Amino acid sequence: MSDVPPKLADFYRRLRGNDHSLIFLYLQYKEQGYIETQRLAAVLQYNSFITHLDLSDKELRDEGVQHLATALESNSSLTSLDLGNNLIGYAGAQYLSQALQSNSSLTELNLRRNQLGYLGVQYLSEALQFNSSLMSLNLFGNRIGNIGTQHLAMALHSNSSLTELNLEGNQIKGADMQYLSQALQSNSSLTFLSLDGNQLKGEGMQYLATALQSNFTLTSLYLGRNECGDTGAQHLAMALQSNSSLTELNLEDNQIGEAGAQHLATALQSNFFLIELYLNRNDIEDAGARHLGTALQSNSSLASLDLECNGIKEVGAEHIATALHYNSSLTELNLRSNRIGDTGAQYLAIALQSNTSLTYLDLSFNRIRGTGMQHLATALQCNSSLIELDMHYNEIGEIGPPCLGMALQSNSSLTKLNLEGSQIGNIGVQHLATALHSNSSLTELNLDNNLIGNTGAQHLAIALQSNTSLTYLNLSLNQIRDTGVQHLATALQSNSSLTKLKLDDNRTGDVGAQHLVIALQSNSSLTSLNLSGNRIGNVGTQHLSAALRVNSSLIELHLNSNEIEEEGAHHLGTALQFNSSLTHLNLYDNQIKEIGAQYLFETLQFNSSLTHLNLRSNYISDETSTFLLEIIERNFHNERLRSLTLQDVLLERCSF
């Protein structure tokens, strides 16, 4: 291997020598190349420890797959192989087919986004009739069409090992489903089937429904984006009345209206096996919501219902709310991107006061204003089951927060609250901050894009000094300047619970960065800090670098889209020589040129913790970028080895 770079040569020696620390192999560079694939395949024939091989996005083509297939015929350790997006055609599929007929270890094969066509799938189907180890096959986006579907169906008649099959985006039409339908009636192993993004329409759903009436192994069925309409929904609903195995059904974006919703609702009244139902992005509207609401009053199995983007208004919300008074199985309800308004929110709020099962509720993008938020806040004062509430982009303004703040002072179940884009301002955030003094359950609070300025930041800062539960705080895209950052920095000196703080896109500058120095030098809980999209330059970077020299808790630091130049890179590099905790540093889209990058390279020689460095959209040569990448890969590799020693797990990720 005299023509192979020393790094690759050492890697191949380890593979050929059966280095037992190599189990997971991921090759990073896009162009793996014909010769390198041939070498890799050659050593895989001798290796008996590699179990996972990821070669996705490498442009292997049929020639590269030929060598891998040869290796698979003798390899007995590999269980997972990812060949997604590799320009593989029918010839490559033929090579893999030959290998699968003799290979007995591979359980997962990913061939998404290739060019197999019907002929390639024909070869694979022949292998499936003999192979008894493969359990998961991903053929997403391979244009298998009518003929390919027929061959797969024939294989499913006799195959008894395959449990997961992804046929998303394969130009399968309604008439083609007759073949799969017949196969599903005899197949007893398949539990997951995705037919998303095909052209099944009502005809295809009818064939599929016939199969579901006699198939009792399929548990998850994905049929999104198939234009099934009300007719298709009717066929599936009839099947659901007798099927007892299906627990997850995805019908998103299928042009299902009131009539279709009514058919499905009728099925739900007698089906007690379905647990998850996705009807998002259809045309159910209020009339359809009425039928579903009636079904929910008697159904006792459904735990998750997705009705996002269905044109549901306050009347539909009332029907759903009425159901919640009686239903005790539903735990997740998604009503995002509808138009329930304040009145709809009021109906749901009344239901929440008596409901004890719902744990997740998404009401984002629903035209709910302050009055609606007041009603929901009243419900939160007595509800003890809701854990996560998503209200983002509802313009609740300054009217809703006072009641919400009062609710949070007594509520002890809510752990996640999303108020992004709610226009609560400084006055609104003051009420929330008051609640944080006594609330001990909330762990995540998203206040992104809320017109919060320095005064609002001060209120939050005071609350953080006494709050001991909040771990995540998002203040991105507000109006917090240097003074506001100073208040937050003061809080960080005494707060010991917050682990992630987002202050990106707030226009704070070097002075704000300076205020954070003292906080970072004493704080030992913060692990992630996002300051991207601000106005931090070399001086601010110098201050942050001083903090990094002594801080031992921060793991992620995001400084992308600032005004950092060579001098700032120099300060960061110097700090990284002493810092041993930071693993992620994002410097994307700054003004760092060659000299700054070279200094980072020189100083990183002495750093062993940084495993992720983003310097894209700067002014750095390919050569220097390559040198920096080698340093980061070294650290990543060594960190994996350290983890192996601690966990006694033989797992290594090698990147080339």
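The values are calculated or read from the model by the stated rules, or taken from the named source; none is laboratory data. None of the values given here were measured: they were computed from a predicted structure. Neighbour counts are summed over all protein chains in view; Cβ atoms, including those assigned to glycine, are modelled from backbone coordinates with ideal geometry. Just so you know, the surface numbers come from the protein's heavy atoms only, side chains and all, with ligands and any DNA or RNA stripped out. Shrake-Rupley method; radii C 1.70, N 1.55, O 1.52, S 1.80 Å.
Taking 0.36 nm per residue of separation and subtracting the current Cα-Cα distance, fully stretching the chain between A42 and T79 would add 11.6 nm. Rounded, prolate or oblate: which fits the chain, taking a ≥ b ≥ c as square roots of the Cα gyration tensor eigenvalues, rounded meaning a/c under 1.5, else prolate when a/b beats b/c? In terms of gyration-tensor shape, oblate. Look at where the Cα atoms of the stretch 460-477 and of the stretch 234-290 average out, and the two centres are 42 Å apart.
Excluding residues fewer than 8 places away in the same chain, name every one of the aspartates and glutamates whose C-alpha is closer than 15 Å to that of K500. Partners found: E444, D448, E556. Placing a label point 7 Å from the Cα of S438 along the Cα-to-Cβ direction, the residues of the stretch 399-423 whose backbone N falls under 15 Å from that point are 402-413. Treating each Cα of the stretch 102-195 as one equal point scatterer and applying the Debye formula with no solvent, the log10 of I(q)/I(0) at q = 0.15, 0.21, 0.25 Å⁻¹ comes out as -0.49, -1.02, -1.51. With the simple model of a label 7 Å out from the Cα in the direction of the Cβ, F606 to S186 spans 7.2 nm. Normalised by the number of residues in the stretch 286-424, the mean separation of alpha-carbon contacts (under 8 Å, six or more apart) gives a relative contact order of 20 percent. Between the listed residues L436, S188, N110, the Cα displaced farthest toward the positive end of the dipole of the chain, a dipole computed from Cβ unit charges relative to the Cα centre, is found at L436. With the simple model of a label 7 Å out from the Cα in the direction of the Cβ, R634 to Y360 spans 4.3 nm. Quick one: P(r) of the stretch 358-461 from all Cα-Cα pairs, 10 Å bins, percents rounded to integers, in order of increasing distance. Spelled out bin by bin, the stretch 358-461 gives 17, 56, 26, 1 percent.
At q = 0.09, 0.14, 0.15 Å⁻¹, work out log10 I(q)/I(0) for the stretch 316-418 with the Debye formula, treating every Cα as an identical point scatterer and leaving solvent out; two decimals please. At q = 0.09, 0.14, 0.15 Å⁻¹ the computed log10 ratios are -0.17, -0.43, -0.50.
Subtracting the Cα-Cα distance from 0.36 nm times the residue separation, let me have the gained length for S160 to Y472 in nm, one decimal.
Numbers: separation 312, 0.36 × 312 = 112.32 nm, distance 4.66 nm.
Result: 107.7 nm gained on full extension.
Between T217 and Y326, the FRET efficiency estimated from the beta carbon spacing at R0 = 35 angstrom works out to 0.60. Take the Cα of F627, step 7 Å toward its Cβ, do the same at I595, and the gap between the two points is 1.5 nm.
With a ≥ b ≥ c taken as the square roots of the eigenvalues of the C-alpha gyration tensor of the stretch 402-446, please select rounded if a/c is under 1.5 and otherwise prolate if a/b is larger than b/c or oblate if it is not? Oblate. When nucleic acids and ligands are ignored and a 1.4 Å probe is applied, C403 ends up with an accessible area of around 40 Å². Here the chain has 47 percent of its accessible surface on carbon and sulfur atoms, given a 1.4 Å probe and all protein chains in place. Among beta bridges identified by DSSP and lying wholly in the chain, the antiparallel ones come to about 0 percent.
With the cut-off at 32 Å, tell me which of the pairs K58/K502; K58/K593; K313/K416 have Cα atoms farther apart than that. Walk me through the intermediate numbers first.
Numbers: K58/K502 35 Å; K58/K593 30 Å; K313/K416 25 Å.
Check vs 32 Å cut-off fails for K58/K502.
Accessible surface area normalised per residue over the chain is 39 Å², counting heavy atoms of protein chains with a 1.4 Å rolling probe.
Rounded if a/c is under 1.5, else prolate if a/b beats b/c, else oblate: with a ≥ b ≥ c from the C-alpha gyration tensor eigenvalues square-rooted, which is the stretch 53-127? Oblate, because a/c is 1.5 or more while a/b does not exceed b/c.
Quick one: if the Förster radius is 56 Å, what FRET efficiency do S242 and S581 give, using the C-beta to C-beta distance and rounding to 0.05? Mind dumping the intermediate values first?
On the way: r = 58 Å, r/R0 = 1.04.
According to the calculation, E is roughly 0.45.
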